[in-house]
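Below is one structure; the comments refer to it alone.
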Amino acid sequence: MDARESRLRERAAQAGQGHLFADFEQLAPAQRQHLLEQIEALDFEQIRRHAELLREAAPVAPADLAPAPMFPLERDAQHERLAERAVEQGARALARGEVGFLVVAGGQASRLGYDGPKGAFPIGPLSEATLFELFARRVKAASLRYGVRMPWYVMTSLANDAATRAFFETHEWFGLPPEDVVFFSQAMAPALDFEGRVLLSGPGELFLAPNGHGGTLSALAQSGALDDALRRGLRRLSYFQVDNPLAIIADPLFLGLHELEGARMSSKVVAKRDAHEKVGVIGRIDGRYGCIEYSDLAPQLREARDESGRLRFRAGNIALHVIELDFIDELVGGGLQLPWHVARKSMNVWEAGRMVQRQGAKFETFVFDALARSPRSVVLEVERAREFSPVKNASGEDSPDTTRADLRRLHARWVAAAGLPPPPTAEDGLPLVEIDPLFADDEHSFRARAGVAPQPHRRGHWYR
């Protein structure tokens, strides 16, 4: 036994994790070295705190919950005047090169039956363009519209980092300058059993899981991506998740409202479909901005209505944010401590030389918890059909079929608004149409190019 192995065995034993070496002698030399590297990287103090979190009683729901002030979708004359000012302000910020893009793309597409990063999943209704390609074309469209280079920060995870980088390289970064596509990876956290012991996912392999989208902020700093953004003269990032291809990432209205308010972090929301839609809502928690979990809303609050008959707590969180870079720098520089959330679930783990099913826990942080540190914040209500249709499940709700249908409906609306001939319909009764983001990325820009006919396509109308 060499000195390194002896030292790590002692550290693990002192932390109550000596079982990690139970099958060490049966491992191949390469497996032994890999396991030692993983154990050496463990933060045993953090693991201890996670174990304590498991033993604590269930958290008590916050006592003071209130809806957050919201810039509404239905606007009066005063709101419209402010919106006009905001659009001008946001467009200036984009044209000055102050805005970069940040996509959270650490997930695999295994739930969709696809072997690879979720961003590599094909979603274009006619083009079969992948999620990454659609967003790359939106980044390029914004760069061309405002005449500046706009860097794109892509957060991966240990599970898909190499595959994501290879995917972009194979596709020549989808026409973007390679130096403007910056990859960085979020940290991983070990899964524990209910006794606080680190689980293994295979022989010589710790069970590690991404530390949640809250890990974006610390990963930005630790990877050097934050310094890169500051060197480029950026002031803020447009944050979005890779599984929502309807996300408007260069929105002058949102950016302008955020800047006029002097906000540090802001959010887009959609109206909940009904009181029982299980989605968190952006609101005020003990006087601070945050995301109120569905389970934290008592039935009387879920059902509560305002004077116009709408739900009081209706601001459904869709994970679209604007975040100031100096705010991120302050948070991480002060030793960012977002609260950890526990996900208890059944897992397939390696134990006593075989795979077994055990109850365990994963630990995540959520980026919206940083809202509590932002004294000023904008909550912008947007139209669900225009900006939110996530791809999460293989079938049913929030599946590739529903997302492609929403894209087709949206683009058909643009075609109708431009007074063009309607596209053909499919057997499902929905129009067969797709509009390339480089051709037009909103209804206004599409109408400006309405004289251009769609490209021939065997299945429908493709504007590109």
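The values are calculated or read from the model by the stated rules, or taken from the named source; none is laboratory data. Predicted model only: the values in this text are computed from it and were never measured. Every residue, glycine among them, receives a Cβ derived from its backbone with ideal geometry; neighbour counts consider all protein chains shown.
Things worth noting here:
- Helices (runs of 4 or more DSSP H) wholly inside region 313-421 containing at least 2 residues that are among the polar types (S, T, N, Q): 400-417
- LEU126 vs. criteria buried (at least 16 other Cβ atoms within 10 Å of the Cβ) and over 29 Å from PHE254 (Cα atoms): yes
- For region 1-17, filtering for residues that are in a loop (DSSP other than H, G, I, E, B), free of Cβ contacts under 8 Å to residues at least 60 places away in the same chain and either touching a helix residue (DSSP H, G or I) at 6+ places or on another chain (Cβ under 6 Å) or closer than 20 Å to GLU205 by Cβ (or both) leaves 1.
- Of all residues in region 182-224, those that are more than 30 Å from ALA28 (Cα to Cα) and either more than 17 Å from the chain's Cα centre (by Cα) or not assigned by TED's automatic domain parsing to the domain that holds GLU351 (or both) total 4.
- Selection from region 172-195 of residues that are of a type in the set (Gly, Ala, Ser) and either touching a residue at least 60 places away in the same chain (Cβ under 8 Å) or farther than 21 Å from GLU364 by Cα (or both): GLY175, SER185, ALA189, ALA191
A quick yes/no check of all residues on (1) in the same structural domain as PHE240 (by TED's automatic domain parsing); (2) over 19 Å from the mean Cα position of the chain (by Cα):
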{"position": "ALA315", "(1), (2)": "yes, no"}
{"position": "GLU324", "(1), (2)": "yes, no"}
{"position": "GLY333", "(1), (2)": "yes, yes"}
{"position": "PHE363", "(1), (2)": "yes, no"}
{"position": "ARG384", "(1), (2)": "yes, no"}
{"position": "HIS411", "(1), (2)": "no, yes"}
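This table checks each residue for (1) farther than 19 Å from GLY233 by Cα; (2) touching a helix residue (DSSP H, G or I) at 6+ places or on another chain (Cβ under 7 Å); (3) surrounded by 21 or more Cβ atoms within 10 Å (Cβ to Cβ); (4) outside the structural domain of LEU176 (by TED's automatic domain parsing).
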{"residue": "GLU84", "(1), (2), (3), (4)": "yes, no, no, no"}
{"residue": "GLY97", "(1), (2), (3), (4)": "no, no, no, no"}
{"residue": "GLU133", "(1), (2), (3), (4)": "yes, yes, yes, no"}
{"residue": "ARG149", "(1), (2), (3), (4)": "no, yes, no, no"}
{"residue": "TRP152", "(1), (2), (3), (4)": "no, yes, yes, no"}
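- Evaluated against (1) at pLDDT 95 or above; (2) surrounded by fewer than 23 Cβ atoms within 10 Å (Cβ to Cβ); (3) over 30 Å from GLU133 (Cβ atoms), ASP286 falls short on exactly one condition, (1).
- Within region 324-344, the set of residues being more than 12 Å from GLY214 (Cβ to Cβ) and touching a strand residue (DSSP E or B) at 6+ places or on another chain (Cβ under 7 Å) comprises GLU324, LEU325, PHE327, VAL342, ALA343, ARG344.
- The number of residues in region 18-49 that are crowded, with 17+ Cβ neighbours inside 10 Å, in contact with a Pro (Cβ under 8 Å, 6 or more places away or on another chain) and assigned to a helix (DSSP H, G or I) comes to 1.
- Flag if ASP369 is farther than 25 Å from GLY119 by Cβ and either assigned by TED's automatic domain parsing to the domain that holds LEU206 or not acidic (Asp, Glu) (or both): no
- GLY100 closer than 30 Å to SER218 by Cβ, touching a strand residue (DSSP E or B) at 6+ places or on another chain (Cβ under 8 Å), part of a strand (DSSP E or B) and not basic (Lys, Arg): yes
- One residue alone among LEU301, LEU260 is aliphatic (A, V, I, L, M), outside any loop (DSSP other than H, G, I, E, B) and either at pLDDT below 95 or not assigned by TED's automatic domain parsing to the domain that holds VAL382 (or both), and that residue is LEU301.
- Note on region 158-170: residues that are over 15 Å from VAL242 (Cβ atoms) and at pLDDT 95 or above amount to 4.
- All positions within region 133-167 that are of a type outside the set (Asp, Glu), in a helix (DSSP H, G or I), under 18 Å from ALA105 (Cα atoms) and out of contact with any Pro (no Cβ under 8 Å at 6 or more places or on another chain): ALA136, VAL139, ALA162, ARG165, ALA166
- Strands (runs of 3 or more DSSP E) wholly inside region 179-242 that include at least 1 residues being within 24 Å of GLY334 (Cβ to Cβ): 181-185, 188-190, 208-210, 236-241
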